[in-house]
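Scroll down for the structure; my scribbles are underneath it.
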Amino acid sequence: MLKLRSKSVGEVVELNFRHNKDDCGELNSVEVNLDDIEVKFNDDHKDIVMITDEVGVKMKYPTIVSIESIDLEEENNIKNVFDIFVNSIDYVFDKDNVYSDYSKEDLIEFVENLNQAQFDKISNFFETMPKLKHEIKFKCKKCEKEVTTEVQGLQSFFT
């Protein structure tokens, strides 16, 4: 998506960063070349998550469509995370069968019955997913200190 934007609109985007309030708090405009941005991969990332020794899930990446349908109101945060979890399960399997023909309600019930350790295993899928990350260095226009900041995620490059 970022590469498409780069080729259709231009490689350089202007991003705004506020210098730390403990320093001067100045808002700085910085030009970033989108062609320099790369996806960072985590070697620990796996799309098969074993819930128990015999039961696992095959995960799929959230799509832009699935994320856009999420209500971003703060009071719905837990529901949003839950919806992303449910929508990202491709199928459930055990040592004998693969279960892919299930209703959304069945999948919701499955996820609701996970204990915290099992839920954390699925959370690790999201935490280790490939990410757009880029370190940006600039000189603050007010105090002239060198500043380093990291931007992460597609949305960071479209603001």
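Calculated FRET efficiency, residue 141 and residue 54, Cβ-Cβ r, R0 41 Å, to nearest 0.05? The formula returns an efficiency of 0.10 here. Within a straight-line Cα-Cα reach of under 18 Å, residue 145 can be paired with the following aspartates and glutamates, leaving aside sequence neighbours fewer than 8 residues apart in one chain: 22, 23, 26, 31, 135. Amide H contacts for residue 141 (H built 1.01 Å from N in the peptide plane; partners 5 or more residues away or on another chain; cut-off under 5 Å): none found. Taking the fewest neighbouring Cβ atoms within 10 Å as the starting point, the ordered list for 47, 83, 36 is 36, 47, 83.
Ranked for footprinting exposure by Cβ neighbours inside 10 Å, fewest first, 126, 138 give 126, 138.
Along segment 80-94 the Karplus relation, 6.51 cos²θ - 1.76 cosθ + 1.60 evaluated at θ = phi - 60°, assigns HN-Hα couplings of 4, 4, 4, 4, 5, 4, 4, 5, 9, 8, 7, 7, 10, 9, 10 Hz to successive residues, with x for each Gly and Pro.
When the C-alpha to C-alpha distance is required to be over 26 Å, the pairs from 60/121; 21/131; 40/141; 40/137; 104/131; 40/104 that qualify are 21/131; 40/141; 104/131; 40/104.
A Förster distance of 30 Å, applied to the separation of the beta-carbon atoms of residue 131 and residue 96, puts the FRET efficiency at 0.25. For segment 47-55, putting each phi into the Karplus relation 6.51 cos²θ - 1.76 cosθ + 1.60 with θ = phi - 60° gives couplings of 8, 9, 10, 7, 6, 10, 5, 10, 10 Hz, in residue order, rounded to whole numbers and with x for Gly and Pro. For a straight C-alpha distance cut-off of 13 angstrom, the aspartates and glutamates reachable from residue 79 (same-chain residues fewer than eight places away being disregarded) are 71, 112. Please find the FRET efficiency linking residue 104 to residue 4, where r is the Cβ-Cβ separation and R0 is fixed at 30 Å, and quote it to the nearest 0.05. The formula returns an efficiency of 0.45 here.
Every number in this text was worked out from the coordinates using simple rules, so none of it is lab data. Small disclaimer: the values here were computed from a predicted structure and weren't measured. Glycine also receives a Cβ, built like all others from the backbone with ideal geometry; neighbour counts cover every protein chain displayed.
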